[in-house]
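*Asks:* The following block contains the structure, expressed as structure tokens.
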Amino acid sequence: MRIETLSVFPEMFEPVMSTSILGRARRAGIFEFEAYNLRDWTHDRHRTVDDEPYGGGQGMLMKVEPLAEAIEDIASTGPHPHTIFFTPCGEPFTQRTAERLAAHDRILLVCGRYEGMDERAYDYADERISIGDYVLTGGELAAMVVADAVVRLLPGALGDEMSNVDESFSGGVEGGLLEYAQYTRPADFRGKGVPDVLLSGDHAKVDAWRRANAIERTCRWRPDLIEGAGLTDKERAFAQE
Ligand code: 6GU
């Protein structure tokens, strides 16, 4: 997969895209990454990318011409990139979105700054994504969130030390439950122990405990997920307690 970004702060991306699992996947050729500077598609001395809104109001907007020219130029270098604009007015990003995006050969992540973009720029968007109901100073962090969630789904990206298999039934928020609680050594930390069942070696009991624990945690922290979690009648009664 090829991932490209277009923004006025291209230097924000490199540390994230070259560290840890993303960095290893990139060096292994599982994905390619390039960050473009929107100012490279301006034609004035000040490399202007923003302007005042028609009709008045606070703040500045991203101009349409540099965005349009940049996206056209970038797209002309190969197959059409699936083009995503980041805005708090976009569709909420979920694990399902990440799975869908991971199937593309080329994605272009377009990051706004300031108070938004000239509406005509969105004609170049295949979709608009928001990462949640809060306001960031720009789309770059949102683009990195999406890139991280997508890359870890690419075949080979996680290597041996992790896997995606658990997520379909328990780890995945959305269509699932929150992950169950986990413990590692020591068995006693400042008087706080570990549930006995996890030390018992009885795998059936461990599985049952984890399922119940996932339901309890979801009831407590994300009650909105219980409805769509596909609980059995017995589990639903347990969840009601
Ligand atoms: Cl995609 N952009 C900005 N600026 N703020 C956000 C966001 C995106 N998603 C949530 N808040």
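Every read-out reported here was derived from the displayed coordinates using simple, explicitly stated rules and does not represent laboratory data. Not measured: the values here are computed from a predicted model. When we count neighbours, we look across all protein chains shown, and the Cβ atoms used for this are built from the backbone with ideal geometry, even at glycine.
*Asks:* Can you tell me the FRET efficiency between Glu115 and Arg24 if r is taken as the Cβ-Cβ distance and R0 is 30 Å, rounded to the nearest 0.05? The partial results should precede the final answer.
*Replies:* Values: r = 38 Å, r/R0 = 1.25.
My answer for the efficiency is 0.20.
*Asks:* Further, regarding this structure: Label points 7 Å out from Cα along the Cβ direction at Asp51 and Thr77: separation in nm?
*Replies:* 2.6 nm
*Asks:* Sorting Phe238, Phe85 on the 10 Å Cβ count, fewest up front, what's the list?
*Replies:* Lowest to highest Cβ neighbour count: Phe238, Phe85.
*Asks:* So, one more: Distance between Cα centroids, segment 190-224 to segment 21-75: provide it in whole Å.
*Replies:* Each part reduced to its Cα centre gives a spacing of 47 Å.
*Asks:* Sorted from fewest to most neighbouring beta carbons within 10 Å, what does the list His104, His80 look like?
*Replies:* Numbers: His104 18, His80 12.
The order, fewest Cβ neighbours first, is His80, His104.
*Asks:* So, one more: List the relative contact order of the chain as a percent without decimals, with contacts defined as Cα pairs under 8 Å and 6+ residues apart.
*Replies:* 19 percent
*Asks:* Hey, what did segment 33-136 get for relative contact order, percent, Cα under 8 Å, at least 6 apart?
*Replies:* Value for segment 33-136: 33 percent.
*Asks:* So, with +1 on the Cβ of K and R and -1 on the Cβ of D and E, and no other charges, what is the size of the charge dipole of the chain about its Cα centre, to the nearest 20 debye?
*Replies:* Its charge dipole is roughly 940 debye.
*Asks:* Would you pull out the residues with amide H under 5 Å of Thr5's amide H, same chain only if 5 or more places away, H placed 1.01 Å from N?
*Replies:* Glu34, Ala35, Tyr36, Leu109
*Asks:* Right, here's the next one. What percentages, rounded to whole numbers, describe P(r) for the chain computed over all alpha carbon pairs with 5 Å bin width beginning at zero?
*Replies:* That works out to 1, 6, 11, 13, 14, 13, 11, 9, 8, 6, 4, 3, 1, 0, 0, in percent per bin.
*Asks:* I'd like the projected area of segment 47-128, averaged over all directions, using the convex hull of its alpha carbons. Report it in nm² with one decimal.
*Replies:* Projected over every direction and averaged, the Cα hull of segment 47-128 covers 6.0 nm².
*Asks:* Given 4 °C and 1.567 mPa s, how large is the Stokes-Einstein diffusion coefficient of segment 165-240 in µm²/s, with Rh as the Kirkwood radius over Cα pairs? Let's see the in-between values first.
*Replies:* On the way: Rh = 13.3 Å.
Translational D for this selection: 97 µm²/s.
*Asks:* Note the angle between two axes, namely the Cα long axis of helix 140-151 and the longest principal axis of the Cα atoms of the chain, as a number of degrees from 0 to 90, rounded to the nearest 10.
*Replies:* 50 degrees
*Asks:* Which of the lysines could be linked to Lys192 by a straight reach, that is with a Cα gap under 22 Å, when you skip same-chain ones fewer than 8 residues away?
*Replies:* Correct list for Lys192: Lys205.
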